[in-house]
Amino acid sequence: MSCAHHSQPKPAAEANIDSYASFISMANAQSEPQRLLWVLARAELPNGYTETQHQHFLQGNGGALEPVLCVDKLPSEVADFASLVAESVQTGVDWDIAFVASMSGRAGIAPNSDEAIQPLRLMLNKIQSGIIAEFLTFNKQGELVSLS
């Protein structure tokens with residue numbers, strides 16, 4: 001799996017996407033072929049956490065999201081969310097939230113993995129800086145989640 005060309009990733013949350021299936025459908029419906037950019041993150045307690053933060057975290061709330069894996073895929077390679085989860089299991093890296101954006105191809109040709117390197121890095125930097133509103137986020141069950 002790789003982590004992020006000279007263009008910036010296009011936020012995936014630009015339209016009315018209400019499920020993973022609608023996201024893949026929208027990616028496939030674009031005028032140019034898409035490459036999907038994924039950053040998988042694990043929830044962790046932040047440095048210097050308080051006892052209250054610790055209790056909330058143990059209850060499945062709060063924490064900080066630490067990116068642990070980056071990957072780029074064609075929509076056909078992750079037509080269903082289970083295929084993304086299955087591939088991630090093979091890495092042995094656990095994660096809680098998947099951030100996704102897309103990048104458009106040109107002249108009917110999808111971007112390749114080499115072209116995805118820089119946009120993935122930009123995406124990773126944004127996530128590490130807490131700039132996450134422009135990305136779609138899915139939990140491990142493939143459900144859209146809203147992070148605040």
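Each peptide among 42-54, 103-115, 132-144 gets the average number of other Cβ atoms lying within 10 Å of its residues, and from highest to lowest they stand as 132-144, 103-115, 42-54. For the chain, the share of accessible area belonging to carbon and sulfur comes to 49 percent (1.4 Å probe, ligands and nucleic acids excluded).
Summing Lys and Arg as +1 and Asp and Glu as -1 over all other residues whose Cβ lies under 14 Å from the Cβ of THR137 gives a net charge of -1.
3J(HN,Hα) along the range 122-127, derived from phi through the Karplus expression 6.51 cos²θ - 1.76 cosθ + 1.60 where θ = phi - 60°, amounts to 4, 4, 4, 4, 4, 4 Hz, with x in place of Gly and Pro. Calculated accessible area for the chain comes out at 53 Å² per residue, all protein chains present (probe 1.4 Å; ligands, DNA, RNA ignored). Computing FRET efficiency as 1/(1 + (r/R0)^6) for SER104 and HIS56, where r is the C-beta to C-beta distance and R0 is 30 Å, gives about 0.15.
Approximating the spin labels as points 7 Å out from Cα along Cα→Cβ, the ALA86-to-VAL145 distance works out to 2.3 nm. Between ALA64 and GLU134, the FRET efficiency estimated from the beta carbon spacing at R0 = 25 angstrom works out to 0.85. Positive-end ranking of VAL93, GLY142, SER129 along the dipole of the chain, with charges on Cβ about the Cα centre, is headed by SER129. Given the range 33-96, what whole percent of its Cα pairs are spread farther than 14 Å? Considering the range 33-96, 63 percent of its Cα-Cα pairs are separated by more than 14 Å. Normalising by residue count, the range 28-148 has a Cα convex hull of 115 Å³ per residue.
The values are calculated or read from the model by the stated rules, or taken from the named source; none is laboratory data. Small disclaimer: the values here were computed from a predicted structure and weren't measured. Positions of Cβ are backbone-derived with ideal geometry, glycine not excepted, and every protein chain shown enters the neighbour counts. Note: areas computed on protein heavy atoms with side chains; ligands, DNA, RNA excluded. Shrake-Rupley method; radii C 1.70, N 1.55, O 1.52, S 1.80 Å.
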